[in-house]
Amino acid sequence: MKVWTSLKTSNNWKDLKKPLASIMHLAVHIGSSIPLLVGLWDFWQSNLGANPIQEITHRTGKTAILLLILSLAVSPLRQLLKWNQINKLRRPLGLWAAFYAGVHFSIYVVLDYGFQWKALLANSLTNKFILLGSATGLILLLLSITSLTFFLKKMGKNWKKLHRFVYAAGILAALHFILAVKPGVLDPWPYALAMALLLLFRLPPVQTWVKKTI
Amino acid sequence: MSENLRDEITPLRRYATRKEFLKTLGVVGVSAAVLAACQDKPFIAGEDLPVSGPTPEPSATGLTDDLGNPLTSYNDIISYNNFYEFTTDKEGVVKLSQEFQSSPWAIEIGGLVENPGPISMEDIRERYTSEERIYRMRCVEGWSMVIPWQGFPLSQLLEDIKPKPEAKYVRFESIYDPKSLPGQSNRYFPWPYVEGLRMDEAYHDLTLLATGLYGEDLLPQNGAPIRLVVPWKYGFKSIKSIVKIDLVEEMPVSLWMESAPNEYGFYANVNPNVDHPRWSQATERRIGELSRRNTLMFNGYEKEVGSLYESMDLVKNF
C-alpha cells in the first residue's frame with residue numbers, strides 16, 4: 001500500500017507518465033504484431049501440428065480476446081493510477097483485437113470451410129457459438145470503422161454511446177470461447193474471468209466506491 | 001538415431017519376437033507375411049524390449065481403408081491425441097504420457113460372466129492373434145484419421161469369458177491413477193473413464209480390442225497397452241488403457257454421459273444428420289487434408305452396422 005501511494009504522489013512518477021505512455025503505445029504495436037509474425041513463421045516452417053487450420057484458428061481467436069481484454073484494462077488502470085496519458089492505448093489495442101478477430105473469422109470462412117457454402121451455413125446457423133462469434137466480429141468491425149477521428153468528431157455524444165458496445169463484444173467473445181470447447185476444458189476460463197472483472201469494474205456501485213477510495 | 005544402432009537392434013527385435021512372429025505368419029496370410037518379411041520387420045514388437053528404444057519405423061501392410069482413403073501419417077496419429085487423463089490439449093498429451101507405465105498390465109474381468117478374474121497382457125498376447133484392421137476414426141470434435149490398428153475382435157474375448165444370459169451390456173473402465181495421469185486432477189470429470197457397448201455392438205466383428213498400430217505396440221498417448229476401437233462411433237467411445245471389463249444388465253453410464261448428458265449419449269454413432277448441440281456434424285477435417293469431407297453415416301460402416309439400429313430413433317438415441 002505504501003508503494004502504491006508513494007508511486008502515485010512521487011514527482012518521478014508524474015514525470016514518467018507521459019514518456020512511459022508513449023513507450024507503451026509503441027510496445028502495443030510491436031507486441032500485437034508478434035503473434036502474427038510467429039504464426040507466419042510457424043506456417044512457413046510447417047510447425048503448426050497435425051491440424052494446422054484449427055491451430056491458427058485457435059491462436060488468432062485467443063490473441064483477439066487477449067487484446068480485447070487489454071483494451072478494456074486501460075480505463076481501470078487510468079483511474080487507479082491517475083494516468084490519463086494511457087488512454088491513447090485504447091484505440092490501437094482495440095484495432096489490433098479487431099484485426100485478429102477478422103483474421104480468425106477469415107480463416108473459418110476461407111480456409112476451414114474453403115467456400116463450401118452449404119456446410120458453412122449449416123454449421124453457422126445451427127451453432128450458438130458461431131453466432132456469438134459473428135456478433136462479436138460485427139461489433140468490432142463497426143467500432144473499428146468509427147474509431148477514425150472523422151467519426152469521433154462527427155458523431156459527438158453518440159460516439160461514446162456506440163463505443164460502449166465494446167462491453168457487449170467482451171461478453172460475447174467470452175461466451176463464444178466457452179461454448180466452443182467441450183465441458184471440463186478450462187482454457188476459456190482465465191480469459192472469461194479477466195473479462196468479468198474488467199466489466200464489473202464499470203458497474204456504478206463499484207465506480208462510486210473506486211472514486212471515493214482513490 | 002544412427003543407422004548403426006538401428007542395424008544392431010533390428011536382429012535383436014526379430015530374435016525376441018520370433019515366436020510371435022511365426023505365429024503371426026500363419027494368421028495374417030501369406031501375402032501379408034511376405035510383405036512383412038520383405039520389410040524385415042516383425043508385426044508384434046517384443047515385450048521385453050526397452051520402451052525407449054530406437055525411433056519406431058512404423059509399417060502397415062495395407063495402404064488404404066476399405067473406401068480407398070490413404071492412411072493418416074504415423075507421426076500425426078501419435079502426436080494428436082484426445083486423452084484427457086493426461087491433458088485436454090491434444091498436442092500436449094504426447095509429452096505428458098511418455099513416463100506412463102503400461103507394463104505389467106492386466107484386465108480385471110467381472111460382472112455377469114462364467115469366467116471372471118484378471119487376464120494379463122501376456123495372456124492376451126498369447127491367446128489372441130493380432131490382425132491388421134484399417135479403420136476410419138471420427139472424433140466428435142469434427143476431425144478424423146485413417147488408422148491401421150493391430151488387434152483382435154472383442155467377440156473372441158467375450159466367447160472365452162462367457163457372458164451369462166442376463167448380461168445386456170459390456171462396461172469398460174480405464175486406468176485411474178492421478179499420480180501418473182495428471183489430467184485426473186481435473187475434478188470436473190467423474191474419473192475413471194467409463195464406456196459401454198450393447199451386447200450386439202460388442203459382438204460385432206468390427207469391434208476391436210487393439211494393442212498396436214502401424215505394426216508397433218500402442219504408445220501411451222494412443223491408449224497403451226490395450227484399448228477399444230469401435231469405428232462407427234465417435235472416437236470417445238473407443239476407451240483407452242482398459243483395466244476392467246464387466247458384463248452388466250443395466251446400460252452403463254459413461255464418463256461423457258455423466259459430464260454432459262445433453263451432449264453425449266450412450267450410442268454416439270457417427271451421424272452427419274444429428275448435430276452436436278453446439279456444432280454441426282455434417283462435415284469433418286481428415287488430418288493431413290486441407291478441405292473438409294462430408295461425414296458418412298455410421299462413419300461409412302452403414303452396410304455393416306446399420307441393421308443394429310434399424311428400429312431406433314437415432315435423434316433420440318444420439
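The values are calculated or read from the model by the stated rules, or taken from the named source; none is laboratory data. All figures in this text were calculated on a predicted structure; none of them were measured in a lab. When we count neighbours, we look across all protein chains shown, and the Cβ atoms used for this are built from the backbone with ideal geometry, even at glycine. Heads up: the accessible areas ignore ligands, DNA and RNA and are worked out on the full protein's heavy atoms, side chains in. Shrake-Rupley method; radii C 1.70, N 1.55, O 1.52, S 1.80 Å.
At-a-glance table
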quantity: Cβ-Cβ FRET estimate between A:LYS211 and A:LEU141, R0 fixed at 51 Å, reported to 0.05; calculated: 0.95
quantity: Within the stretch B:169-188: backbone nitrogen closer than 11 Å to the B:GLN101 label point (7 Å, Cα to C-beta); calculated: B:180
quantity: Where labels lie 7 Å past Cα in the beta-carbon direction, separation of B:ASP313 and A:ASP187 in nm; calculated: 3.5
quantity: Heavy-atom accessible surface of the stretch B:207-290: percent carbon and sulfur, 1.4 Å; calculated: 52
quantity: Sequence-distant residues sharing a close amide H with B:LYS233 (under 5 Å, placed H); calculated: B:VAL270
quantity: Estimated inter-spin distance, A:SER106 and A:PHE201, nm [label 7 Å along Cα→Cβ]; calculated: 3.1
quantity: Other protein chain Cβ atoms within 10 Å, averaged over every residue that makes up B:73-80; calculated: 2
quantity: Using alpha-carbon coordinates, inclination of helix A:11-44 to the longest axis of chain A, degrees; calculated: 10
quantity: Normalised convex hull volume, the stretch B:231-285, alpha-carbon set, Å³ per residue; calculated: 115
quantity: Under 19 Å from B:LYS162, Cα to Cα: lysines that are on another chain or at least 8 residues apart; calculated: B:LYS244
quantity: Length gained when the stretch A:TRP13-A:LEU40 is fully extended (0.36 nm per residue, less Cα-Cα span); calculated: 5.8 nm
quantity: Chain A: angle of helix A:165-180 to the longest principal axis, Cα-based, in degrees nearest 10; calculated: 40
quantity: Nearest-0.05 FRET efficiency for B:ASN294 and A:MET24, computed from C-beta distance (R0 45 Å); calculated: 0.35
quantity: √(5λ) per eigenvalue of the Cα gyration tensor, the stretch B:137-210, largest first, Å; calculated: 26, 19, 13
quantity: Label-to-label distance, nm, for residues given as A:SER124 and B:GLU122 (7 Å Cα→Cβ offset); calculated: 6.1
quantity: Mean residue ellipticity (222 nm) of the protein assembly as shown, computed from DSSP H runs ≥ 4 via -39,500 (n - 2.57), nearest 500; calculated: -14000 deg cm²/dmol
quantity: Relative contact order (%) - criterion: Cα under 8 Å, at least six apart; region: the stretch B:181-261; calculated: 34
quantity: Spread of Cα-to-Cα distances over 5 Å intervals beginning at zero, given as percent, for the stretch A:136-181; calculated: 5, 22, 27, 19, 12, 7, 5, 3, 0
quantity: Occluded residues from the stretch A:32-70, i.e. those whose accessible area drops by 40 Å² or more once the chain is not alone (1.4 Å probe); calculated: A:ALA50, A:ASN51, A:ILE53, A:GLN54
quantity: Inter-chain Cβ neighbour average for residues A:126-136, partner chain, 10 Å; calculated: 2
quantity: Cα-Cα over 26 Å, subset of B:LYS90/B:LYS237; B:LYS164/B:LYS303; A:LYS128/B:LYS240; A:LYS182/B:LYS303; A:LYS88/A:LYS128; A:LYS128/A:LYS157; calculated: B:LYS164/B:LYS303; A:LYS128/B:LYS240; A:LYS182/B:LYS303; A:LYS88/A:LYS128; A:LYS128/A:LYS157
quantity: Contact surface B-A: accessible area buried, both sides summed, square angstrom, 1.4 angstrom probe; calculated: 2100
quantity: Carbon plus sulfur fraction of accessible area for the stretch A:109-156, probe 1.4 Å, in percent; calculated: 80
quantity: Inter-chain shielding of B:161-172 (mean C-beta neighbours from other protein chains, 10 Å cut-off); calculated: 0
quantity: For the protein assembly as shown, alpha-carbon Rg over 2.2 N^0.38 Å; calculated: 1.17
quantity: Projected area averaged over orientations for the stretch A:13-157, convex hull of C-alpha atoms, nm²; calculated: 11.4
quantity: If the convex hull is drawn through the Cα atoms of the stretch B:215-318, its volume per residue in Å³; calculated: 155
quantity: Kirkwood-based shape ratio for the stretch A:101-214, expressed as Rg/Rh from alpha carbons; calculated: 1.06
quantity: Theoretical FRET efficiency, 1/(1+(r/R0)^6), r = Cβ-Cβ of B:ASN273 and B:ASP66, R0 22 Å, to 0.05; calculated: 0.50
quantity: Whole-number accessible area per residue in Å² for the stretch A:52-173, which is evaluated in the context of all protein chains at 1.4 Å; calculated: 53
quantity: Between the stretch B:174-228 and the stretch A:20-51, the Cα center-to-center distance that results, in Å; calculated: 38
